[in-house]
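Novice: Below you will find the structure I want to go over with you.
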Amino acid sequence: MNYINAHFVANTDSHNSLIKMAPMKLYGWAVSPWMARVLVCLEEAGAEYELVPMSRSGGDHRQPEHLARNPFGEIPVLEDGDLTLYQSRAIARHILRKYKPELLRSDNLQESAMVDVWVDVDAHQLEPIIRPVVFNVIIKPFTGSDCDQDLVDGSIEKLKKTLEVYEARLSSSKYLAGDFVSLADLTHFSFMRYFMATQYAEVVEAYPHVKAWWEALLARPSVKKVMAGMPPDFGFGSGNIP
Amino acid sequence: MAPVKVFGSARFTNVARVLVCLEEVGVAYEVVDIDFPTKEHKKPEHLARNPFGVIPAFQDGDLMLFESRAIAKYILRKYRTDEVDMLREGNLQEAAMVDVWTEVEAHQYNQALAPIVMECIIYPTAYGIPTNQKVVDESVDKLKKVLEVYEARLSEHEYLAGNFISSADLSHFPFTCRFMETPYASLFDSFPSVKAWWEKLMLRPSMKKISTNLHPKMV
């Protein structure tokens, strides 16, 4: 059990006591790739946390109680003492900055810059391509909508070009930001997890260094643990709709 | 020390995002234009800087970076002083709020606002593509909801991350600047705290200087 940043607090009786801070709370549904992005960081950091499950189909995220935490009405939300945070990458950075700063490389200007570059590459280059594939191929069949195959096909073509860049990068460095694992690698896991459950996984596997990097991610205990809460169909098949 | 280099013309929003940071920290820099008409951005020399063949790219000595928000973080981190501390990485709570609102800019605000800029200005002037009014109307609806959240935030805090200016505020600058050239600029009138925040930002020397390059006849 981790004692997290035990607090030196003066109480009203004027004697000081060390208290154990309450564990952080993470609100959301574990199948969400945004949620899983944060869960992986919590697990990597070995931080103590409580997962507060919410129901997407029940509209919990649109209720006033949740809007008070996140006015954008989304998950995940992290409560850490007085701090209430949203946006998965901001939450991830906070957790790592507090508990495992080596995954951000904050003490090294060049390395931290490379971490930031590849976190943003995932956000602005890769995720916008794979997210619509996951949505069309996995989710739409369950919600009775038609897969937009033209969109999927176009996304796969874009993906190949993007993966060429990743392949070149991972041919010259073990991980994305350098020869050290970092948030840049971890942040990729959650959306890729679902993409790799589709028939298009072979597109990624055609790039040997990307494939090896992906398999190395999958081998991490943090990733294995979080993946256990991420059935490849988001729970739709078993009736555990988020 | 050789000045840092920014690759990409100052008239582009993502380049401007980086330039504003350089102006704020007061560091010497050189802007190297990348010629789009001759597809310079897709040629090997530029791909070696930015393998995605887009702009900006950024060079500081041996270090070559891309992704404008990552470049911004590097600049603000390296050239941080007690007076100019836009990331607040020495304070967990403040740094977290900077990160939240930097992500909000990228994933909530820009998602709603950038399409209006693209449809109203960029596509017609640079590509001769007519405005898709449906996209604009949907984006305006989204933007109104986002601005409601911003109004609540900025009515309680002077700046987005708290009572201090940060990279979160700076990051809004380039696209918002161009948005103010569209017919939808008056949207901000319904959100007085947001409008006041924007007007205060535009008084900053960095913003005044960089905005002069963001109003070309051709993008």
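Novice: For the range A:137-156, which residues satisfy the criterion of being surrounded by 13 or more Cβ atoms within 10 Å (Cβ to Cβ) and of a type outside the set (Val, Ile, Thr)?
Specialist: Of everything in the range A:137-156, those that are surrounded by 13 or more Cβ atoms within 10 Å (Cβ to Cβ) and of a type outside the set (Val, Ile, Thr) turn out to be A:Lys140, A:Pro141, A:Phe142, A:Cys147, A:Asp148, A:Leu151, A:Gly154, A:Ser155.
Novice: Quickly run through the range A:216-241 and pick out the residues that are of a type in the set (A, V, I, L, M, F, W, C) and either over 29 Å from A:Lys100 (Cβ atoms) or not in a loop (DSSP other than H, G, I, E, B) (or both).
Specialist: Once the filter is applied, which keeps residues that are of a type in the set (A, V, I, L, M, F, W, C) and either over 29 Å from A:Lys100 (Cβ atoms) or not in a loop (DSSP other than H, G, I, E, B) (or both), the range A:216-241 yields A:Ala216, A:Leu217, A:Leu218, A:Val223, A:Val226, A:Met227, A:Phe236, A:Ile241.
Novice: Return the residues of the range B:1-22 that are surrounded by 19 or more Cβ atoms within 10 Å (Cβ to Cβ) and either part of a strand (DSSP E or B) or among the acidic types (Asp, Glu) (or both); say none if nothing qualifies.
Specialist: B:Val4, B:Val6, B:Phe7
Residue-by-condition table, conditions (1) more than 16 Å from A:Trp34 (Cα to Cα); (2) within 18 Å of the chain's Cα centre (by Cα); (3) in contact (Cβ under 8 Å) with a residue 24 or more places away in the chain:
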{"residue": "A:Pro64", "(1), (2), (3)": "yes, no, no"}
{"residue": "A:Leu104", "(1), (2), (3)": "yes, yes, yes"}
{"residue": "A:Glu111", "(1), (2), (3)": "yes, no, yes"}
{"residue": "A:Asp122", "(1), (2), (3)": "no, yes, yes"}
{"residue": "A:Ile130", "(1), (2), (3)": "no, yes, yes"}
{"residue": "A:Phe142", "(1), (2), (3)": "yes, no, yes"}
{"residue": "A:Ser155", "(1), (2), (3)": "yes, no, yes"}
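Novice: Here is a check on your reading of the model: is B:Ser171 within 14 Å of another protein chain (Cβ to nearest Cβ) and either within 22 Å of B:Asn14 (Cα to Cα) or β-branched (Val, Ile, Thr) (or both)?
Specialist: Yes: the conditions hold for B:Ser171.
Novice: In addition: Which members of the range B:189-214 meet the condition of being over 18 Å from the mean Cα position of the chain (by Cα) and aromatic (Phe, Trp, Tyr)?
Specialist: Correct list: B:Phe191 only.
Novice: Determine whether the range A:60-76 contains at least one residue that is in a loop (DSSP other than H, G, I, E, B) and of a type in the set (Gly, Ala, Ser).
Specialist: Within the range A:60-76, one or more residues are in a loop (DSSP other than H, G, I, E, B) and of a type in the set (Gly, Ala, Ser).
Novice: In this structure, is A:Tyr49 closer than 30 Å to A:Phe195 by Cβ, surrounded by 21 or more Cβ atoms within 10 Å (Cβ to Cβ), in contact with a strand residue (DSSP E or B) (Cβ under 8 Å, 6 or more places away or on another chain) and at pLDDT 95 or above?
Specialist: No, not satisfied.
Novice: Sticking with this one: Given the criteria buried (at least 24 other Cβ atoms within 10 Å of the Cβ), in contact (Cβ under 8 Å) with a residue 24 or more places away in the chain, more than 9 Å from every other protein chain (Cβ to nearest Cβ) and within 30 Å of B:Pro51 (Cα to Cα), does A:Leu126 qualify?
Specialist: No: the conditions fail for A:Leu126.
Novice: Here is a list of conditions, (1) more than 9 Å from chain A (Cβ to nearest Cβ); (2) more than 23 Å from A:Arg169 (Cα to Cα); (3) out of contact with any strand residue (DSSP E or B) (no Cβ under 7 Å at 6 or more places or on another chain), and B:Val18 meets all of them except one; can you say which number that is?
Specialist: (3)
Novice: Kindly indicate whether any position in the range B:37-44 is under 19 Å from the mean Cα position of the chain (by Cα), more than 7 Å from chain A (Cβ to nearest Cβ), more than 18 Å from B:Glu23 (Cα to Cα) and in a loop (DSSP other than H, G, I, E, B).
Specialist: Within the range B:37-44 (the criterion being under 19 Å from the mean Cα position of the chain (by Cα), more than 7 Å from chain A (Cβ to nearest Cβ), more than 18 Å from B:Glu23 (Cα to Cα) and in a loop (DSSP other than H, G, I, E, B)), the answer is no, since none of the residues qualifies.
Novice: Name the helices (runs of 4 or more DSSP H) wholly inside the range B:70-166 in which the number of residues that are within 12 Å of chain A (Cβ to nearest Cβ) and more than 23 Å from A:Ser88 (Cβ to Cβ) is 1 or more.
Specialist: B:133-154
Novice: For the range A:80-89, enumerate the residues that are crowded, with 24+ Cβ neighbours inside 10 Å and not polar (S, T, N, Q).
Specialist: The answer is A:Asp80, A:Leu85.
Novice: Show the residue pairs meeting these rules: Cβ distance below 6 Å; 6+ apart or different chains; first residue within the range A:69-87 and within 7 Å of chain B (Cβ to nearest Cβ) and without any contact (Cβ under 8 Å) to a residue 24 or more places away in the chain; second residue surrounded by fewer than 18 Cβ atoms within 10 Å (Cβ to Cβ) and among the polar types (S, T, N, Q).
Specialist: These pairs meet every condition: A:Leu83/B:Gln93.
Novice: Here are the criteria: (1) aromatic (Phe, Trp, Tyr); (2) within 28 Å of A:His94 (Cβ to Cβ); (3) surrounded by fewer than 18 Cβ atoms within 10 Å (Cβ to Cβ). Tell me which single one A:Phe191 does not satisfy.
Specialist: (3)
Novice: Which one is nearest to the other protein chains (Cβ to nearest Cβ), of the residues in the range A:96-120 that are assigned to a helix (DSSP H, G or I) and surrounded by fewer than 16 Cβ atoms within 10 Å (Cβ to Cβ)?
Specialist: Among those residues, the one meeting the criterion is A:Leu109.
Novice: Just to be sure, is A:Leu217 among the aliphatic types (A, V, I, L, M), in contact (Cβ under 8 Å) with a residue 12 or more places away in the chain and within 14 Å of chain B (Cβ to nearest Cβ)?
Specialist: no
Novice: If we keep just the residues of the range B:54-94 that are among the small types (Gly, Ala, Ser) and more than 19 Å from the chain's Cα centre (by Cα), which is nearest to B:Asp169 (Cα to Cα)?
Specialist: Among those residues, the one meeting the criterion is B:Gly90.
Novice: Does A:Val181 count as β-branched (Val, Ile, Thr), part of a helix (DSSP H, G or I) and at negative phi?
Specialist: So A:Val181 fails the test.
Novice: Would you confirm, using the coordinates I've provided, whether B:Arg49 is modelled with pLDDT of 95 or more, under 25 Å from A:Val119 (Cα atoms) and either assigned to a helix (DSSP H, G or I) or more than 14 Å from chain A (Cβ to nearest Cβ) (or both)?
Specialist: No: the conditions fail for B:Arg49.
The values are calculated or read from the model by the stated rules, or taken from the named source; none is laboratory data. If you're wondering where the values come from, they're calculated on a predicted model, not measured in any experiment. Heads up, the Cβs are rebuilt from the backbone with ideal geometry, glycines too, and the neighbour counts pull from every protein chain shown.
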